[in-house]
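Structure record follows, encoded as structure tokens.
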Amino acid sequence: MTCVYRSVPALALAILAIAPSGHAQQSKAQPPKSVRLYVFDCGSLNIPDTSPYQLKPEELSTTYMSVACFLVAHPKGTMIWDAGAVPDSAFKPEGGPATLRYATSAKPLTAQMAEIGYAPADITYLSLSHFHWDHVGNSNVFAGATWLVRKLERDIMFGDPPSPRTEPANYSALKDSKTKIVTKNEYDVFGDGTVVLKSAPGHSPDHQVLFLKLAKTGPVVLSGDLYHYPEERKLNRVPTTEFNAQQTIASRATIEAFLKKTGAQLWIQHDFKANAQLKKAPEFYD
Ligand SMILES: [Zn+2]
């Protein structure tokens, strides 16, 4: 009996392992020949009050914000950019959406990664645009990666008392992660200019954005929270809740000039409608 009983899971695994792509047990991803950007759906924010953004609901096309998580797959390694709001640990085994504060997410990040053949152990680097709760949700999952972080962000994350704008329990494991403190304004992650962390402080003390040079898509900047609503950019509004509004204004000017110079697209990560139009994993941008 024991023998038969034990053989069933083995057989099931064998069948899953040869299942065609698209099934849960996807084979392990191989390094791509050129940089790829995968966009994951990490849920949405039902903003309870838009007044901190200096925008009235009637000035906005929607009051909802998207939450996006990104996987950069480079020939030399991988990087997660922003880890969502709701941690995978909040999902119940019976399924259904999970919530944290005013965030809702329909599907765990690690499940979305598994569908394209990536496990947390396959991630080389973790980098967060900033420390706020809606960007750090699954940080603990990537504690085995090398954390690329700017000093003031790390300081505030492990400050005492913790900031009410974050969820320390969701990134506590990063304290012991292999950590690279990023000091340069521009930090070239893989050394070939295709994946570059760019300092853009103001929203938080050491907020950063991500520049990507994609062969077919062209250059792209992932905004972090340089803007939240696209109307902030159009109407030139700065939230009242910025760490330093003058720094935000300066960072926005610097990044806008960079966009002009490079011809890069700006993807505003919280832009609900723009995010809905993006291809999601298993599709990718390259
Ligand atoms: Zn945010």
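Taking all Cα pairs closer than 8 Å and separated by 6 or more residues, the relative contact order of the stretch 181-286 comes to 26 percent. Note that the stretch 219-236 has calculated 3J(HN,Hα) couplings of x, 9, 10, 8, 6, x, 10, 4, 10, 10, 7, x, 5, 4, 6, 5, 9, 6 Hz, one per residue in order, obtained from phi through the Karplus relation 6.51 cos²θ - 1.76 cosθ + 1.60 (θ = phi - 60°); glycine and proline are x. Compared with the dominant Cα axis of the chain, that is its longest principal axis, helix 245-262 is turned about 70°. Taken one residue at a time, the phi angles of the stretch 198-204 give Karplus couplings (6.51, -1.76, 1.60, θ = phi - 60°) of 10, 5, 8, x, x, 4, 9 Hz. Gly and Pro are set to x. As a ratio to 2.2 N^0.38 Å, the alpha-carbon radius of gyration for the stretch 97-250 is 1.07.
Near Ala90: Cβ cut-off under 15 Å, other residues only, Lys/Arg at +1 and Asp/Glu at -1. The net charge is -1. Helical content alone sets the calculated 222 nm signal of the chain at -6000 deg cm²/dmol, taking -39,500 (n - 2.57) per DSSP H segment of four or more residues and averaging over every residue. As a calculated quantity, the FRET efficiency between Asp188 and Lys56 at R0 = 41 Å, using C-beta atoms, amounts to about 0.50. Computed from Cα atoms, the angle from the helix 2-17 axis to the main principal axis of the chain rounds to 50 degrees.
As a length-normalised measure over Cα pairs under 8 Å and 6 or more apart, the relative contact order of the chain settles at 19 percent.
In order along the stretch 98-114, the Karplus-derived 3J(HN,Hα) couplings, from 6.51 cos²θ - 1.76 cosθ + 1.60 at θ = phi - 60°, round to 10, 10, 8, 6, 9, 9, 10, 9, 8, 8, x, 4, 5, 5, 5, 5, 4 Hz, and Gly and Pro are given as x.
Read the figures in this text as sums done on the coordinates, not as results from a lab. None of the values given here were measured: they were computed from a predicted structure. For neighbour counting, all protein chains shown are included, and Cβ atoms are generated from backbone atoms with ideal geometry for every residue, glycine included.
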